[in-house]
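Here, each number is a calculation from the coordinates, and none is a lab measurement. In this text, all values refer to a predicted model and were calculated from it rather than measured experimentally. Here the Cβ is made from the backbone with ideal geometry for all residues, glycine too, and neighbour counts use every protein chain on show.
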Amino acid sequence: MRAGFAWQGYAWSAAATVACTLAGLAMRSRFDIVNIAMVYVLAVVVVALRFPRGPAFTTAMLSVLAFDYAFVPPSGTFTVDDVQYLLTFAIMLAVALVVSRLVESVKTRAAAQAALELEAETERIRSALLASISHDLRTPLAVMAGASSSLAESGEQLSADERRALANSVFQQARRMSDHVAKILQMTRLENGAIVLERDWSSMAEIVGSVLARLRERLSLHRVIVEVPSELPLVRIDASLVEQALGNLLENAASHTPAGTVVRLRVERRGDELVVIVEDYGGAIADVDVARVFDKFEHGRAEGSAGGVGLGLAICRAIVRLHDGRASAQRMPGGGTAFSFTLPLEPAPPPPA
Amino acid sequence: MSAPRLAILLVEDEPEIRRFLRASLGVEGYRVVESSTGRRGAIDAGTHKPDLAIVDLGLPDIDGINVIRRIREWSSMPIIVLSARAQERSKIEALDAGANDYVTKPFAMGELLARVRAALRHAVRIDAGSAVLRMDDVEVDFDARTVQRDGQPVHLTPIEFRLLAALAKSAGMVVTHRRLLAEVWGPTHERDTHYLRIYMKQLREKLEADPVQPRFLLTETGVGYRLLLPPPAAA
């Protein structure tokens, strides 16, 4: 990539010099020779703006030589009659140097600016994370402390049903909390690049089957429709991570749409990609949110009580990106939202003997 | 008739976790032997000869995987591993080292008890030498090498049959990709996971009502497969 870019720069140097010389030859009859020098200076500036110092300097050198040979009397030789043209040459080289330096410093400043913005974004995420921890983790903790202390202190006075209900809520909240913690850790690992993909040939149909089994309880209040064609190519992916990505989309659909609505899970092949789509039919997210819904801590729909650290979709997107795929959300014409991700296909492995 | 109580060895360093496991396993009628370190656990397995071992992977002294290897040197007792979410790799290593199943912390007690029962049932079935497997309307006779679905014969290719047999040998428990590949195709194919994807799909199409949402031939994503059998009818 970088080598190709440098090569391109030198190609531009040569092309610009040739173009200026041709333009100069055309101008010669009507313009002063000093104005022709200006055309070369323009070429030097343009190249210096787009490419690093090397090509800029080369353009200046080539321009000096071409200008000298073609226009400076006596033309057709590199001899210089008038000493004042040496000044023209010096200015051309100086312009190349100054513009390159200028462009470089602007680029450095832009990079510094970007770093600053990134830092601000990190800070925003950190405070959102803290806010989310205090809400999403403290609530279950409060329930667990309350319910378990009731059991411990006055279990004998409670009916068997009440005891069971309290114990059950301790369990449910503990599970919910463990889920949140796992998601926070997972997001941190994904962000730090601490996750190495363990790619292996996998079947998307199998992943669909296992995620539906894992989330059976979570999806029990929705009508889940599964559309997986029987002939799908295998994909070389980290199956555990992609299972998480798909699971997060399904959990998102289940927690943000009313009970009884349809959640449709489709897998299809489109060219050299596999597309996995989760459609829900519970109130479309607002226009603005479609673009941002995969960002961290965006809940998409303004329902505080629906819960979820808001990390599920961000984790999904990070996993999909690691696989060189894309995650996106779209409003559907009839209301509802389609969340989808793609996974690139590779040539199939050799079949079993 | 009162059978002798089955003994379970519990190798776990966290006293709070031992506390609730001891209580629940006790209620289920098991006798629990507790070891708080890996070394102690490997020794207790030899002296107490339990019917099953539950081994935590995150032990303070020696790795849970080492405990499993030491037990496997002399015993085929079922071993269930307790692993944390962050221990994906060592979980697979433990299974490849000879553990029969795993439960990820935090788990519901019901989940662990179901695994324990499946593992013990398996041990009993091996002793009894039963060669017929029933999954709803499917019946597999491993001696006669025949499969029937709804009373109709189903043809399985030799490889499909070997794969089904490899899963049935550990019925109810997880079998890693590597083990299945080594057993069905030989040790040189331990990394050819796509063979499994292709043949599991064929098996499910022949034996499952809905191949995408199987009821018996389950996928353990990233780990392997599990043949889940319905609990045996009181016989």
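Values for this structure:
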| quantity | calculated |
| --- | --- |
| Candidate lysines for bridging to B:Lys206, where Cα separation is under 22 Å - those fewer than 8 sequence places away on the same chain excluded | B:Lys169 |
| Interchain or long-range residues, amide H under 5 Å from A:Leu274's placed H | A:Leu343, A:Leu345 |
| Order of A:Leu130, B:Leu6 under a 10 Å beta carbon neighbour criterion, fewest first | A:Leu130, B:Leu6 |
| Karplus-derived 3J(HN,Hα), 6.51/-1.76/1.60, for each residue of the stretch B:37-48, Hz, glycine and proline x | 10, x, 4, 4, x, 5, 6, 4, 4, x, 7, 8 |
| Neighbour-count order for B:Asp63, B:Asp210, B:Asp136, A:Asp200, fewest beta carbons within 10 angstrom listed first | B:Asp210, B:Asp136, B:Asp63, A:Asp200 |
| Whole-Hz couplings from phi, Karplus 6.51/-1.76/1.60, listed for the stretch A:62-79; x for Gly and Pro | 4, 5, 4, 5, 5, 4, 4, 5, 8, 10, 5, x, x, 6, x, 9, 8, 6 |
| Percentage relative contact order, chain B, counting C-alpha pairs under 8 Å, at least six apart | 13 percent |
| Shielding score for B:196-208, defined as the mean number of other chain Cβ atoms within 10 Å | 3 |
| Net charge of neighbours whose Cβ lies under 12 Å from the Cβ of B:Leu10, counting Lys and Arg as +1 and Asp and Glu as -1 | -1 |
| Net charge of Cβ neighbours under 12 Å - reference B:Gly151; Lys, Arg +1; Asp, Glu -1 | -2 |
| Karplus 3J(HN,Hα) series, Hz, for the stretch A:343-353 with 6.51 cos²θ - 1.76 cosθ + 1.60 (x for Gly, Pro) | 10, x, 9, 10, x, 5, x, x, x, x, 5 |
| Most mobile listed residue (B:Ala168, B:Ala118, B:Ala23) in chain B, GNM with C-alpha springs under 10 Å | B:Ala23 |
| Total charge dipole magnitude, the stretch A:2-109, about the Cα centre, Cβ charges on Lys, Arg, Asp, Glu only, Debye to nearest 20 | 580 debye |
| Gaussian network model of chain A, springs between alpha carbon atoms under 10 Å - residue of A:Gly310, A:Gly155, A:Gly282 with greatest fluctuation | A:Gly155 |
| Whichever lysines have a C-alpha closer than 16 Å to that of A:Lys183, once near sequence neighbours (fewer than 8 apart) are set aside | A:Lys296, B:Lys105 |
| For chain B, calculated [θ]222 nm from helices alone, where every DSSP H run of n ≥ 4 adds -39500 (n - 2.57) | -13000 deg cm²/dmol |
| Relative exposure of B:Ser24, A:Ser134, judged by other C-beta atoms within 10 Å (fewest first) | A:Ser134, B:Ser24 |
| For chain A: relative contact order, % (alpha-carbon pairs under 8 angstrom, 6 or more apart) | 12 percent |
| About the Cα centre, charge dipole magnitude for the protein assembly as shown (Lys/Arg +1, Asp/Glu -1 at Cβ), debye | 260 debye |
| Other-chain or far-sequence residues with amide H under 5 Å of B:Gly224's (modelled H) | B:His177 |
| Which of A:Ile195, A:Val34, A:Ala167, positive extreme of dipole for chain A (C-beta unit charges) | A:Val34 |
| Cα-based shape type of the stretch B:7-126, given that a ≥ b ≥ c are square roots of the gyration tensor eigenvalues and the cut on a/c is 1.5 | rounded |
| Among A:Pro229, A:Pro333, A:Pro73: highest mean-square fluctuation, GNM of chain A, C-alpha pairs under 10 Å | A:Pro73 |
| Amide H partners (placed H, <5 Å) of B:Val154, local residues excluded | B:Val147, B:Gln148, B:Arg149 |
| The stretch B:157-206 - percent relative contact order, Cα under 8 Å, separation 6 or more | 37 percent |
| By average C-beta atoms within 10 angstrom, highest first, the peptides A:268-279, A:83-94 | A:268-279, A:83-94 |
| Computed [θ] at 222 nm, helices only, for chain A once each DSSP H run of length n ≥ 4 contributes -39500 (n - 2.57) | -20500 deg cm²/dmol |
